[in-house]
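Report on the following structure.
The values are calculated or read from the model by the stated rules, or taken from the named source; none is laboratory data. Note that the structure is predicted; figures quoted are calculated from it, not measured. As a convention, Cβ positions derive from the backbone with ideal geometry for all residues, glycine included, and neighbour counts pool all protein chains shown. Surface areas here come from the heavy atoms of the whole protein model, side chains and all, with no ligands, DNA or RNA. Shrake-Rupley method; radii C 1.70, N 1.55, O 1.52, S 1.80 Å.
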Amino acid sequence: MSFFNALIPAFNGAAPEGDVIPTRRPQYHVAENDAGYSLTVNLPGVAKDGLEVTDENGELRITGKRALPLPDNVAVLHRESSDALFELVLTHDNTIDSEKIDAELKDGVLHLTLAKAESAKPRKISIS
């Protein structure tokens, strides 16, 4: 079974109600190799201190907030980007080892290396 058996979209296009801040699902790419998975998530404008990655109960959750600080004397006339929250939630059937997740954020791109759990790796069975 694939690592990502379901994607839970954090943003379904619905209009926010009341004071709820809209959440966006960032673009991402997943690749698999024998040792595990490589996950690349585009998070433009998100700093390390505005980012959180958790893996709990078969759910990998990446949340972040983009913050574009502007000088006090600047009046924004038009802006195509927003300070919206980012959220990506991917479920899995506990096929990754949470203790061996490596994460690196560089130039607005988050790279995660997710090692497969030993129970998820294929094994050769000897015949006697």
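Brief remarks follow.
- Of all residues making up the range 108-123, the number that are more than 11 Å from residue 37 (Cβ to Cβ) and at pLDDT 85 or above: 4
- Taking the range 98-114 as the range and being exposed (fewer than 13 other Cβ atoms within 10 Å of the Cβ) and over 17 Å from residue 46 (Cβ atoms) as the test, the residues that pass are 99, 102.
- If you go through the range 72-107 and keep only what is of a type in the set (Val, Ile, Thr), under 17 Å from the mean Cα position of the chain (by Cα) and modelled with pLDDT of 85 or more, you end up with 89, 91, 96, 101.
- Considering only residues in the range 17-29 that are open to solvent by 50 Å² or more (accessible area, probe 1.4 Å) and in contact (Cβ under 8 Å) with a residue 40 or more places away in the chain, the one that is farthest from residue 93 (Cα to Cα) turns out to be 21.
- Near pairs, Cβ below 9 angstrom, 6+ apart or cross-chain, from the range 77-97 (surrounded by fewer than 19 Cβ atoms within 10 Å (Cβ to Cβ)) to any residue that is in a loop (DSSP other than H, G, I, E, B) and β-branched (Val, Ile, Thr): 83/21; 84/21; 85/21
- Subset of the range 101-118 [in a strand (DSSP E or B) and either among the β-branched types (Val, Ile, Thr) or without any contact (Cβ under 8 Å) to a residue 40 or more places away in the chain (or both)]: 101, 102, 104, 106, 109, 113
- Residue 55, sole failed condition from (1) open to solvent by 70 Å² or more (accessible area, probe 1.4 Å); (2) assigned to a strand (DSSP E or B); (3) among the charged types (D, E, K, R): (1)
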